[in-house]
Structure formats: structure tokens, C-alpha cells
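Below is one structure; the comments refer to it alone.
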Amino acid sequence: MTINHHLVRSLIRQSCPVKATTSKSILCPFSSQISTNRSKPYESIPGPKPLPLIGNTWRYLPLIGEYDLENTPENLQDYLDKYGSLVRESLFGSFSILHVFDPVDMGSVFRSEGKYPNRRTHRALLKYRHDRPEIYSSGGMFPENGAAWYHLRKLIQTIMLNQSRINQFIPTISSTSDQMVSNICQLRNSNGTIDDLMPQLYKWALETNGSVFVGQRFGCLDLNGSNEGEDLIHAIHETHEAVLKTELAATNLWQYFPTSDYKRLVNSQDIMGAIVSKYVDNLRKCSSKYSSDGSQSVGSQLLEQPEASARDVFTIIMDLFLASFDTTAFVVGFTLYHLACHQQCQDQIRNELNKLLPNKNDPINEETLRQMKYLKACVKESLRINPFSIGTGRVANKDLTIRDYNVPEGTMIIIQNQVACVQESNFPQPKQFIPERWLDEKKKSSPFTILPFGYGARMCIGRRLSELEIYLLVAKMIRNYRIEYDHYEPFRAKTRFINVPVGPLKLRFIDLPN
């Protein structure tokens, strides 16, 4: 459930890479310490040469540009190879982005962020919500900074980052996962193939999160159910697209009058708000604060907090829905794809599960989850190769010195984790799917290299829930089916607001004996 910070514009996509001579030193322990004297000016950091006024934005334009915005990791790798592990990219006017590829430098940035880490993102969503103060208490956890961000974060993190509170949802998540597993039998064709699993994973993720966030289900896993869940999925996708378009816009005209992209955002958020508000209202009217399985929804827990206003609760629930379902579905989709392509890894997970769950229908609990070490290693390896975001964005809230360069307060910084995760210096055989690398305590990589859910005070608020959902569904899928992938073309992703799948995820599901 992480939200991405590379969001900041086509410009951000450019957040491209480094100098060939430096790519070998990405984990050098002394390569990027904060220096104390003789700092070099920010403008002297290597990077592509800008043109007057338009900077390097021309590099991303159709026909004349050399980079494709949908292939951001490839663009960034080119920057890394050319300029080194710290790259300054001048865009238009005085605006620039600092791309950071070395994990040691990444640590320097994160350790400097303080109580209120700053981001520059979702600005159109910020305007939309600020224009509706009767509904929203603020712009929400994505675009806000400072005290406004911290107020909402403090309200929700006591719930979402508490593992015991999240574990209460194991029966709830198991129920929707069981329904998803059961649906496979009816969705597959005569040879066991589902032409595209991703739409079903989106429905599963939304249905699960509806149960967790508002204690109610949308019915989108029912094969003949209503269209409300699909309407919500579409509205969330439309919101992400509209936010991306406004962030990438060459001008900020949407701030002054409703451009087509801003109208798209307004329409999608109006639809999403109308659906979500109905379920939040139902939650307020409910006579019991507990679901039939004994869990208490996130929304119900928020409503019990005296410092949370009704507008706070609605703003937070909207943020949770906006941030969660597509990223979780993305991770499950790519994990199943990698396991289908590496049958030996799938078999090893199944052997682990057969010991923990002798019968297919045995319930999964906290203890069995703790023991699913190889399954978790496979999920982490999938996230290393196919993360749902390119990295993490920050705006420097004070002057920094990195690698002897002065980085001024207010500089836009992108931590380029996706590129760092496929460097030989960080991970031997980086293009290979090797879950075992996460089981060897002696071969630990830098903790800053792989950060799919971000880091620190602004780490993805839904991390613990998302991981629990992923582990439960993948476990149930592998325990019930042998999953195969026949395509010669690899399943891949492109860069949008977050990374999104390209093309259908076509998998074959073969029943297994008990």
C-alpha cells in the first residue's frame, strides 16, 4: 500500500542514473558520508546537460526525446551508467531533481528528514480537498506536509502499524481469499487457464479492504454481484491517472481553471467519495462495532477516537482505499508470475505449506504465518525485481551535504530503489529470481536498498495489512493449485503513477490433491 513519490512528473521519471565508473561502488561503505567541510556547489553534481529554459524536459518528448516516460527504470539506469550514483537533473526554470542510487546516500537522506518528512505530490488532490472543507479535514496523508499530515498520521498509525491489531483481520482476509481461490474453478477455461488474472486480483483486494476498513463487503467477488465495487475500482484508477497527468503537465493551469485532467480528477473523486461515504455512514449507524468474526474495522476504531473528527475519519478512509488495493494486487500478481516461471520455488513453498497446513482447508493463524519463511522470501524477491514503485520521494527540509556536495533546502530528491535493486554490487545475479538470498543472514544487503513500502515516519501506513493480505492469498493459491505460465513474453510493468502491469496475466491453475 505504498504510494509513490516518483509521482512528481515526467520530470521525475527522468530521475535517471549515474556514471559508469561509479556503478560498481553502490555499496561502498565510505562512498557517501555527510561531509563537514569544503562542500562543492549543488550545481556541480553530474547530470545531463540542460537547454535554456526547458532544461532536460525535451528528453521525454515524443519524436525528439530519447526517453520513454513509461520505461522509467531503463531511463534511470542510463543516467546511472553515464553520470554516477548521484545525478542532478535540471528540468524547467530553476526546478531540478536529485537522483540518489547509492544505499549509503539513501541512508543520509532519510536520517536527515526529522519529525515531518516532506513530499511534493498529489497537488491536484490537495486542491480538490481544500476546495471542499465541509467534507475533508485536510488534503490527506498523501499531499499534506507538516502538522496537517502528522495529525492524520498519528490518528491512523496506532491502528495500522500495530501488528496485533492487524492480526485480528486474519479470519476476515482468509474469508475473501478463500472466495478468490474458489472463484478460480469457475473463471478458468477447460484447460485451466485464466486469460487475465489481474482484474480478479483487483476485486479481491478491494473486497478484502472493504471488510477491513469499513467492516462491509462490496460484493465484487460474487460472480453475479453488483457493479458498485467495479465502479469504485474504476474511480480509483481514474484518480491515479488524473493525478499523474496533472503532475506531469508542462504548466500548472489546472490550479487556476478546470483543465480536462483536473475535471477527470473531480469526476473520479466525486464518484469515489459518494460510494465510500455511504459505507462510512453505515458504519456510524451500526449497532455493533464488531464484525461477526470478532474483528473491529479500522473505521470503527477511528470513530472511537475522541480527537478524530467526522471529516478526519472520512479523509483517512478515502486515503486508505486510494492507496491500497491496486498495489496489493500488483504484488500478488507478480509473485504468482515468478512462482509460475520457477516451479522449483513454487514446490518449495508448497512443501513448507504442506507441513504447516496438512489439509487444504486448515486455517492459517499467527503461528503458521510466522513459519512461512520461504513464502515470505519469495514475496520479497518478487518485490525486489518488480516493485510497485520506482522509489521514494522527499523534499529536503534543511541543507544537506552528500558526497561533499551541498544540497539546498527544498531540493526534490528521489531515492531510486528500483534501479539499486538490480545492480550486481548490491545483489549478485540481480536479474535472477533467487528467494534464497533473503534466508542467508550472512549476506544481508543495506537496509536502504529495497524499500517497497518506503521508510521512516512516512513509510506506507498500510504495510502490515498489505503484507498479511499478500501472504494469505499466495499461500492459499499455492496450497490449492499448481500454477503455470506458458507465455514466451515476460509479464512486465510500466511506469505510471505507480508501476502497473503491461498486458494480461495469463496463468494456468491445475488442481492439487489434498
What's the extension gain from residue 68 to residue 373 if we count 0.36 nm per residue and subtract their Cα-Cα distance? 106.0 nm
Region 256-363: GluC sites (Glu not before Pro) falling in loop per DSSP and having at most 16 other Cβ within 10 Å: 304, 307
Calculate for the chain the 222 nm mean residue ellipticity that helices alone would give, adding -39,500 (n - 2.57) per DSSP H run of length 4 or more and normalising by residue count, nearest 500 deg cm²/dmol. -14000 deg cm²/dmol
When the dipole is taken about the Cα centre of region 206-354, and only Lys, Arg (+1) and Asp, Glu (-1) are charged at their Cβ, what size is it in debye, to the nearest 20? 240 debye
Just to verify a number: FRET efficiency for residue 196 and residue 94, C-beta to C-beta distance, R0 = 56 Å, to 0.05? 0.80
Tell me, 72, 246 in order of fewest to most beta-carbon neighbours within 10 Å? 246, 72
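Please give me, ordered by residue number, the chymotrypsin sites (Phe, Trp or Tyr not before Pro) of region 269-373 that lie in loop per DSSP and have at most 13 other Cβ atoms within 10 Å.
290
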Have a look at 417, 239, 512 and report the one farthest towards the positive end of the charge dipole of the chain, computed about the Cα centre with Cβ charges (Lys/Arg +1, Asp/Glu -1). 417
Going by Cα centres, region 452-480 and region 310-363 are how many Å apart? 6 Å
Cβ crowding within 10 Å averaged over residues, with 425-433, 112-120, 62-70 ranked highest first: 112-120, 425-433, 62-70
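Work out the FRET efficiency for residue 223 and residue 43 from their Cβ-Cβ distance, taking R0 = 51 Å, and round it to the nearest 0.05. Don't skip to the answer; put the middle values down first.
Values: r = 60 Å, r/R0 = 1.17.
Result of the calculation: an efficiency of 0.30.
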Have a look at 255, 223, 274 and report the one farthest towards the positive end of the charge dipole of the chain, computed about the Cα centre with Cβ charges (Lys/Arg +1, Asp/Glu -1). 255
Name the residues whose placed amide hydrogens come within less than 5 Å of the amide hydrogen of residue 499, ignoring near sequence neighbours (fewer than 5 apart) on the same chain. 389, 390
I want the antiparallel fraction of DSSP beta bridges within the chain, as a percent rounded to 5. 85 percent
Treat each spin label as a single point 7 Å out from the Cα along the C-beta direction, and report the residue 494 to residue 251 distance in nm. 2.7 nm
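What full-extension length gain, to one decimal in nm, is calculated for residue 115 and residue 290 as 0.36 nm per residue of separation minus the Cα-Cα distance?
Details: separation 175, 0.36 × 175 = 63.00 nm, distance 3.42 nm.
Fully extending the segment from residue 115 to residue 290 adds 59.6 nm.
Below 12 angstrom from the Cβ of residue 487, what's the summed charge of the other residues (Lys, Arg +1; Asp, Glu -1)? Write out the running numbers ahead of the final one.
Values: positive: 492, 506, 508; negative: 195, 196, 484, 486, 489.
Surrounding charge for residue 487 is -2.
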Give me the number: length gained by fully extending residue 432 to residue 162, i.e. 0.36 nm times residue separation minus the C-alpha to C-alpha distance, one decimal in nm. 93.8 nm
HN-Hα J in Hz across region 138-149 - Karplus 6.51, -1.76, 1.60, θ = phi - 60°, x for Gly and Pro: 6, x, x, 6, 6, x, 6, 10, x, 5, 4, 5
In the neighbourhood of residue 455 defined by beta carbon distances under 13 Å, the net charge of the other residues (Lys, Arg +1; Asp, Glu -1) is +4
Out of these labelled values of Rg and Dmax of the Cα atoms in Å, (i) 24.8, 93; (ii) 24.6, 81; (iii) 22.7, 70, which was calculated from the coordinates shown here? (iii)
Lys/Arg Cβ at +1, Asp/Glu Cβ at -1, dipole of the chain taken about the Cα centre: which of 116, 348, 204 is farthest positive-ward? 116
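So, by mean Cβ neighbours within 10 angstrom, what's the order for 93-106, 256-269 with the highest one leading? Write down the numbers at each step before the final one.
On the way: 93-106: 23.2, 256-269: 16.4.
Result, highest mean first: 93-106, 256-269.
Provide the FRET efficiency to the nearest 0.05 for the residue 130-residue 365 pair, computing r from the beta carbons and using R0 = 60 Å.
On the way: r = 44 Å, r/R0 = 0.74.
Here the calculated transfer efficiency is 0.85.
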Two pseudo-spin positions, 7 Å from Cα along C-beta at residue 442 and at residue 512, lie apart in nanometres by 3.1 nm
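Only the coordinates and a few stated rules stand behind these numbers; no lab work does. This one's a predicted model, so the numbers in the text were calculated from it and none came from an experiment. Cβ coordinates were reconstructed from backbone atoms using ideal geometry, including for glycine residues, and neighbour counts include every protein chain displayed.
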